[in-house]
Amino acid sequence: MAGPSLRGGRDAAVGCQNREVVRRPAAEADPRTVSWSDPSATVGAMGEEALLSALVSLAGGPDPAVCVAAGDDAAGWTPPAGHTVVVTTDAIVEDVDFRRRYQLPYAVGWKVYAVSCSDLAAMGASPALVVVTLLLPETTASGAVLALQRGIADAARLDGARVVGGDLSRTAGGVAVSCTAIGTAPAGHLLLRSAGRPGDRLLVTGEVGGAAAALERLEAGDPVERVAWAERLLSPRARVAAGRQLARAGVRCAIDCSDGVLLDTERLAQASGCGAELWADRLPLAGGLAAVWGRERLVRALTGGEDFELIAAAPAALADPLADGVGWPGDLPPLRVVGQLRPEPGLTLRRRRGGPAIPLGPHRGFAHF
């Protein structure tokens, strides 16, 4: 799971700008703009059977690998020969992981898919199927639920995956959505937290810190359109293509850094029986963080979470060329060497390689409890 304490989400209006969007008939309302409020049409009034039927209709088109699709008691699927099946699940909960006042239903659906599939990306796996559980107050607007389902289905479609079923239940609390994602990877080619070795370089995709800064500004009441990093928080994209490319290049160790770079680097190092050091001058912080965090921007960016980037470990002979772009396609997020694993336990943050250490407090990243 991931994130700062409110563990993030994303907004539909910002939602999928600058992303491929599935075209729909002009007369159909854009699901990205549907709000939570429509008391005249609730799921309680709609009824379970009608709601289930509408949700199934949004699940996606036919797929020859899916021999039993959404609508039956369970889905049936034939995975590719010679592949390992990889399964993960995540949930996002109202007022813990998202707020209605700045995250629209479509964006919440988009996010729950991204949160779950970020774990598949960290394994080097390709998403194939998604199973969704919706926990809804009976006063929830039916249009909001359908927009949420559309957000999940659209995000999955961009990765070549599809929704094949799930569950629906009433709750006395807020909305909660759970997404189970199932994918595959060529047998013997998974990325594992435990596969790092002392001396391996640490690599990070993309940039970090923007999502946590966006959360802080939105929680303070800033409107979405004025928050520079809102899309990073409200409509992230799991690094599926980057994870697959790392595995193809021969990398065997990775983790997603959804809970914060410091915490997740420490998790990777511990799983590999190593310690780690990070080099502050190499870390790819989002631009503009000085304006909100000043001198605190480094540690706050590394502990904030919700970035959904990948941290990988690989021998220098493999990692350094990848970071220079050799074997790393230009349409993928930048990949940077930011530190290394070492034999001694513990995590150290240095100003630069071989430079002085920066003191770290006990807070390393997000935890639910």
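The values are calculated or read from the model by the stated rules, or taken from the named source; none is laboratory data. All figures in this text were calculated on a predicted structure; none of them were measured in a lab. Quick reminder, even Gly has a Cβ in these numbers, built from the backbone with ideal geometry, and neighbours come from all protein chains shown.
Looking at this structure, is G354 over 22 Å from A121 (Cβ atoms) and more than 23 Å from the chain's Cα centre (by Cα)? When the stated conditions are applied, G354 passes them. The sole residue among A155, A107 that is touching a Leu at 6+ places or on another chain (Cβ under 8 Å) and hydrophobic (A, V, I, L, M, F, W, C) is A107. Taking the criterion of being of a type outside the set (S, T, N, Q), within 21 Å of A155 (Cβ to Cβ) and not assigned by TED's automatic domain parsing to the domain that holds G109, would at least one residue in region 289-306 satisfy it? Yes.
Total residues in region 315-331 satisfying the condition of being part of a helix (DSSP H, G or I) and free of Cβ contacts under 8 Å to residues at least 60 places away in the same chain: the figure is 2.
Being part of a loop (DSSP other than H, G, I, E, B) and not small (G, A, S) is a property that holds for R353. Scan region 13-25 and tell me whether some residue there is in contact with a Gly (Cβ under 9 Å, 6 or more places away or on another chain), at pLDDT below 90 and either surrounded by 13 or more Cβ atoms within 10 Å (Cβ to Cβ) or not small (G, A, S) (or both). Yes.
Taken over region 183-214, the residue count meeting the criterion of being of a type outside the set (A, V, I, L, M) and either within 30 Å of A290 (Cβ to Cβ) or assigned to a strand (DSSP E or B) (or both) is 9.
Of the residues making up region 169-182, those that are part of a strand (DSSP E or B), surrounded by fewer than 20 Cβ atoms within 10 Å (Cβ to Cβ) and of a type outside the set (G, A, S) number 2. What's the total number of residues in region 168-199 that are polar (S, T, N, Q), in contact with a helix residue (DSSP H, G or I) (Cβ under 9 Å, 6 or more places away or on another chain) and under 30 Å from E49 (Cβ atoms)? The number of residues fulfilling the criteria is 2. Within region 219-257, the residues that satisfy the criterion of being closer than 17 Å to V86 by Cβ, assigned to a loop (DSSP other than H, G, I, E, B) and touching an Asp or Glu at 6+ places or on another chain (Cβ under 8 Å) are A238, R239.
Residues in region 95-127 that are aliphatic (A, V, I, L, M) and modelled with pLDDT of 95 or more: L104, A107, V108, V112, A114, V115, L120, A121, A122, M123, A125.
Out of G160, G166, G199, G206, one residue alone is farther than 30 Å from A45 by Cβ, surrounded by fewer than 24 Cβ atoms within 10 Å (Cβ to Cβ) and at pLDDT below 95. It is G160.
Looking only at region 59-106, which residues are out of contact with any Asp or Glu (no Cβ under 9 Å at 6 or more places or on another chain), in a loop (DSSP other than H, G, I, E, B) and buried (at least 19 other Cβ atoms within 10 Å of the Cβ)? Residues satisfying the conditions are A59, G60, A75, D97. Among residues of region 73-88 that are within 17 Å of H189 (Cα to Cα), those with a beta-carbon under 7 Å from a residue that is in a loop (DSSP other than H, G, I, E, B) at least six positions away or on a different chain give the pairs G82/A187; H83/A187; T84/A187; T84/L190; V85/P79; V86/M123; V86/A125.
Within region 250-289, being crowded, with 19+ Cβ neighbours inside 10 Å, of a type outside the set (D, E, K, R) and within 22 Å of S126 (Cα to Cα) holds for V251, C253, A254, I255, C257, S258, L268. Please tell me if G151 is within 21 Å of M46 (Cα to Cα) and modelled with pLDDT under 95. When the stated conditions are applied, G151 does not pass them. Screening R336, R364, R352 for residues that are touching a helix residue (DSSP H, G or I) at 6+ places or on another chain (Cβ under 6 Å), of a type outside the set (G, A, S) and loosely packed, with under 11 Cβ neighbours inside 10 Å leaves exactly one candidate, R352. Among all residues of region 130-152, there is at least one that is under 30 Å from A312 (Cα atoms), part of a helix (DSSP H, G or I) and not assigned by TED's automatic domain parsing to the domain that holds S235.
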